[in-house]
Amino acid sequence: MDDEYAKLIRRMNPPRVVIDNNSCEDATVIQVDSVNKHGILLEVVQVLTDMNLIITKAYISCDAGWFMDVFNVIDYDGNKIRDKEVIDYIQRRLESNASFSPSLRESVGVMPSEEHTSIELSGTDRPGLLSEVCAVLTDLHCSVVNAEIWTHNARAAAVVHVTDDSTGCAIKDPKRLSTIKELLCNVLRGDDDLKTANMTLSPPGVTNRQRRLHQIMFADRDYERVEVDRLGGIENKKSRPHVTVLDCSQKDYTVITMRSKDRPKLLFDIICTLTDMQYVVFHGMVDTGRMEAYQEFYIRHVDGLPISSEAERERVVQCLEAAIERRACEGLELELCTEDRVGLLSDITRIFRENSLCIKRAEISTKVGQVKDTFYVTDVTGNPVDPKIIDALRRQIGHSVLKVKHNSSISPKQPQETTMGFLFGNLFKARNFQSFKLVRSYS
């Protein structure tokens, strides 16, 4: 009965969205007012992320049964959103009563799917792993049409959409799927995998693909630090995010502050992790500068209680650090654009492996017979790639086919210490700085 009543209240009070291009000089302001429910902040941020909008500032308030958030957004070129069709689409998506459902192009596990078979992979990362996976899929007459691959902390995860290379349709034969699973698990397991490799078909339902990658890596406990020598490179502590956990004893909140290098989709990654860890953001703010992002959230567990134990605090900090780092652009960004053909991805990743390149992250996309793939690469030790290797690679593949986008391996400046809450200090008028007890800071 309570659930049905909540649905009735939401139907009677649909989300109200105001998109304003006048009140802010350098960004489009989007205000969303709605009945509050668990996960609504993630749903709204996901819509903005799906539209490839960059959130430069945000003010979040989800208390007293009502959700009132303001987002300052720009496009990838740094401009306001002025296209009326885009504005109308954002408005329709956010005001929809269908729980802001994600677009199918950004989802996995849509069942049934006649177009492709969606496969989830996880295992120990190592140089050449993606090349080996692609070679197995090619030998099994599977064509990769879309995929996203993340690596973090010696672990790797992927969501891969495959079709039969002769029919172009989804693979449904149970015996064939069993063979694919067995061979892929053998590749993922490697020789000295301390954890279990895994290959599954995506679960039923509609789940954002990137959120699913967060869930896979979280379940694989990639947030647990491993020895630096196992990672094959030198850990740069200056580039690590700075996460601090504090107690707000007056208001029964836990306050989390984060400083890190700014990048697209950063807020989405953080809210994904907090939501999947069963925390609710009641108040918060986001402010981004030219290079750095500052975020501050007032949270409680879904049971209404703040973080109470040292172990829980440490786990939250580790998980948020992982959420920030998984999608961080590590290494040199290469873009491949060409006509699709059977075995193309296997050939390209083999060439990368033969030239001692290690793929840290990849996005594979195929549309109307055209491939647009993005790879973030380092050398096998995790250090920047020798420019001579890239020149030789481009000569081999084709200068017009493989392009260098930019090098993101340069470390950002070390975050500077400032007083917590400098932009959010007026949230609680009754609050003073003495009401905060610094519990622990991890960096």
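A few comments on the model shown:
- Qualifying residue in the range 209-218 (condition: at pLDDT 80 or above and of a type in the set (Val, Ile, Thr)): yes
- Checked against the criterion of being closer than 29 Å to Thr56 by Cβ and touching a strand residue (DSSP E or B) at 6+ places or on another chain (Cβ under 8 Å), the range 344-361 has at least one qualifying residue.
This table checks each residue for (1) assigned to a strand (DSSP E or B); (2) more than 27 Å from Thr378 (Cα to Cα); (3) open to solvent by less than 10 Å² (accessible area, probe 1.4 Å); (4) hydrophobic (A, V, I, L, M, F, W, C).
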{"position": "Leu246", "(1), (2), (3), (4)": "yes, yes, no, yes"}
{"position": "Lys251", "(1), (2), (3), (4)": "no, yes, no, no"}
{"position": "Leu267", "(1), (2), (3), (4)": "no, no, no, yes"}
{"position": "Gly284", "(1), (2), (3), (4)": "yes, yes, yes, no"}
{"position": "Gln295", "(1), (2), (3), (4)": "yes, yes, yes, no"}
{"position": "Glu312", "(1), (2), (3), (4)": "no, yes, no, no"}
{"position": "Leu320", "(1), (2), (3), (4)": "no, no, yes, yes"}
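- In the range 323-350, the qualifying residues are those that are acidic (Asp, Glu) and outside any loop (DSSP other than H, G, I, E, B), and the one that is surrounded by the fewest Cβ atoms within 10 Å (Cβ to Cβ) is Glu339.
The values are calculated or read from the model by the stated rules, or taken from the named source; none is laboratory data. Here the structure is a predicted model, which means the values were calculated and not measured. Here the Cβ is made from the backbone with ideal geometry for all residues, glycine too, and neighbour counts use every protein chain on show. For accessibility, only protein heavy atoms count, side chains too; no ligands or nucleic acids. Shrake-Rupley method; radii C 1.70, N 1.55, O 1.52, S 1.80 Å.
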